[in-house]
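Written below as C-alpha cells is the structure these notes are about.
Derivation of every value follows stated rules applied to the coordinates shown; laboratory data play no part. No experiment lies behind these values; they were computed from the predicted model shown. Cβ coordinates were reconstructed from backbone atoms using ideal geometry, including for glycine residues, and neighbour counts include every protein chain displayed.
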Amino acid sequence: MALQGTVIRSIFQTAASLGAAFDTLCQMSGISPEEISNSENMVEWEKAALIWVPLLKLSGNPLIGLHVGMSTTTLLHGMVGFLVQSCKDIDQSIQVLCRYGSIASPMVEYRYTVNDAATLEITQNKMWLMKYPEPARHANDFLFAAILNTCSTLSGKHIVPLRIELAYAMREISTYRKFFGCDVLFNKEANRIVLNKNDISTPLLTSDQSMFQLFNAIMADKQALLATNSMTENLKHILFMQFKGRIPTIEEAATALNITPRHLQRRLLQEQTSFRAIAGTIRKEIALQLMQNPSIKISEISDILGYSDLTAFRKAFKSWTKSAPRALRKEQR
C-alpha cells in the first residue's frame with residue numbers, strides 16, 4: 001500500500017499557501033521533495049498516512065484536512081489526472097476515479113452507484129482507520145472536499161451535493177455545511193457523497209474524447225501490467241483492501257480476484273506458498289500493527305481478524321511472537 005507522491009506534494013503545497021512551510025512539512029514527515037516530485041513515485045503507506053500529523057501540529061486546525069481540500073482544485077496528477085480532465089462529464093470522471101483511483105492510492109476504495117441519485121462511497125483501509133484514526137479522518141475530509149472542488153473546477157459549475165454522510169463523530173458542523181452547502185450527517189455507517197443526477201451529466205470544460213481514448217488505453221495497459229504481479233502480492237492486496245482485515249474463504253478470495261479457487265491454489269503452489277500461509281501472514285501483520293495502538297482492545301483485534309474467540313486469537317498470537325498479546329503490549333508501553 002502506498003500513495004502517489006504528487007498527491008502529497010499537492011497537499012503540502014496547498015498547506016503552504018495556508019501558512020505552513022513546504023520544506024518544514026517535508027522534514028517533519030520524513031519525506032524528501034524528490035520523493036513527491038514524480039507521479040510515478042509512490043510513498044509507503046505509513047509515511048503517507050501520517051502526513052496529517054505535522055499538518056495538524058503546525059496549523060492547530062482541527063479541520064485541517066477539510067480546509068486543505070477546500071483549497072485543492074485538482075485531486076489527481078499524472079496520467080490518471082489527465083484522464084479525469086479529458087472525460088466528457090462529471091459522471092464519466094467519477095467512473096474513472098473509481099476504476100483507476102487505486103493506482104494513485106491503494107489505501108482507498110471507491111464505489112459509485114447511480115439510481116434516483118448518484119452516490120460515491122469512499123472506504124479507507126481498515127488498518128489505517130484503526131491505527132491512525134485522526135489522520136484517517138483528515139484524509140477523508142480532504143478527499144471529499146477535493147473531489148467536489150475538482151468537479152466544480154473542471155465543469156465550471158458549483159456542484160452542491162444532496163447530502164454528505166460521514167462515518168466520523170460530529171465536529172464543527174457549521175464549517176462542513178458552509179463549504180458543502182447541504183446537510184452533513186455524522187456517525188453514519190459509511191462515507192458518502194450523494195449527488196443530484198442532473199449534476200453528474202454536467203459536461204467538463206476540459207473534455208477531449210480523443211485524449212480520453214489515448215489516456216484510457218494507457219491506464220488500462222498500466223492496470224493490466226500491475227495485474228501481472230505475483231498471485232501472492234495480488235492476494236495480499238485483496239485481503240488488505242477488499243476484506244479489510246477479515247480473512248475470507250478461499251472461494252470468496254478467488255471470486256474477488258476473478259479466478260476459480262482451483263486456479264488460485266495452482267498459482268500459489270507455483271509460487272511455493274498457499275492460501276492458508278498467506279492468510280496467516282496477513283493476520284499476523286494486521287495484529288502486530290493494531291497492537292501498537294493502545295486504544296484498541298485485544299478483543300477488538302481478535303474480532304477484526306475473525307477469530308471465533310479470544311482464546312484462539314491468543315494461541316495464534318503466541319505462535320507468531322512467542323508472547324501473549326497482553327504481555328507484548330506491556331513491553332511496548
- Message: Cut-off 10 angstrom, C-alpha nodes, Gaussian network model of the chain. Which of ALA145, ALA312, ALA190 fluctuates the most?
- Response: ALA312
- Rounded to the nearest 0.05, FRET efficiency between ARG314 and GLU172 (Cβ-Cβ, R0 35 Å) equals 0.25
- Determine the relative contact order of segment 86-214: mean sequence separation of Cα pairs under 8 Å and six or more apart, normalised by residue count, in whole percent. 36
- Task: Return the calculated 222 nm mean residue ellipticity for the chain, to the nearest 500 deg cm²/dmol, obtained by summing -39500 (n - 2.57) across DSSP H runs with n ≥ 4 and dividing by the residue count.
- Result: -17500 deg cm²/dmol
- Query: GNM, the chain, Cα, under 10 Å: largest mean-square fluctuation among ASN41, ASN140, ASN149?
  - Reply: ASN41
- Any idea what diffusion coefficient the chain gets from Stokes-Einstein, in µm²/s, Kirkwood Rh on alpha carbon pairs, 4 °C, 1.567 mPa s? 61
- Task: Would you give the gap between the C-alpha center of segment 247-271 and the C-alpha center of segment 174-232, rounded to a whole Å?
- Result: 29
- Task: Beta carbons within 10 angstrom, averaged per residue: use that to sort the peptides 167-177, 286-296, highest first.
- Result: 286-296, 167-177
- Relative contact order %, the chain, counting alpha carbon pairs below 8 Å whose residues are six or more apart: 16
- Note down the magnitude of the dipole of segment 2-218 about its Cα centre, charges +1 on Lys and Arg C-beta and -1 on Asp and Glu C-beta and zero elsewhere, to the nearest 20 debye. 380
- So between SER17 and VAL114, what do we pick up on full extension, going 0.36 nm a residue minus the alpha carbon distance? 31.3 nm
- Query: Rg to Rh for segment 87-140: what is it, with Cα atoms only and Rh by Kirkwood?
  - Reply: 1.04
- Query: How far apart, in nm, are two points set 7 Å out from the Cα along the Cα-to-Cβ line at LYS57 and at GLU252?
  - Reply: 3.9
- Note on the structure: Sorted on mean Cβ neighbours within 10 Å (highest first), peptides 263-269, 10-16 come out as 10-16, 263-269
- By how many degrees, between 0 and 90 and to the nearest 10, does the Cα long axis of helix 209-226 differ from the longest principal axis of the chain? 10
- Note on the structure: FRET efficiency for GLN209 and SER323 from the Cβ-Cβ distance with R0 = 45 Å, rounded to 0.05, comes out at 0.15
- Any idea how far the Cα center of segment 273-333 sits from the one of segment 1-69, in Å? 31
- Choose one of TYR100, THR123, HIS158: the residue whose Cα lies farthest towards the positive end of the charge dipole of the chain (beta-carbon charges +1 Lys, Arg; -1 Asp, Glu; about the Cα centre). THR123
- Query: Looking at SER86, CYS182, LEU18, which one has the Cα that reaches farthest to the positive end of the dipole of segment 2-218 (charges on Cβ: Lys, Arg +1; Asp, Glu -1)?
  - Reply: CYS182
- Query: Once a ≥ b ≥ c are taken as the square roots of the eigenvalues of the Cα gyration tensor of segment 177-333, is the result rounded (a/c under 1.5), prolate (a/b larger than b/c) or oblate (a/b not larger than b/c)?
  - Reply: oblate
- Query: So which of LYS297/LYS318; LYS131/LYS178; LYS47/LYS297; LYS126/LYS178 end up more than 22 Å apart, counting from Cα to Cα?
  - Reply: LYS131/LYS178; LYS47/LYS297; LYS126/LYS178
- Query: Which of rounded, prolate, oblate describes segment 73-231, given a ≥ b ≥ c as roots of the alpha-carbon gyration tensor eigenvalues and a/c under 1.5 marking rounded, otherwise prolate only if a/b is larger than b/c?
  - Reply: oblate
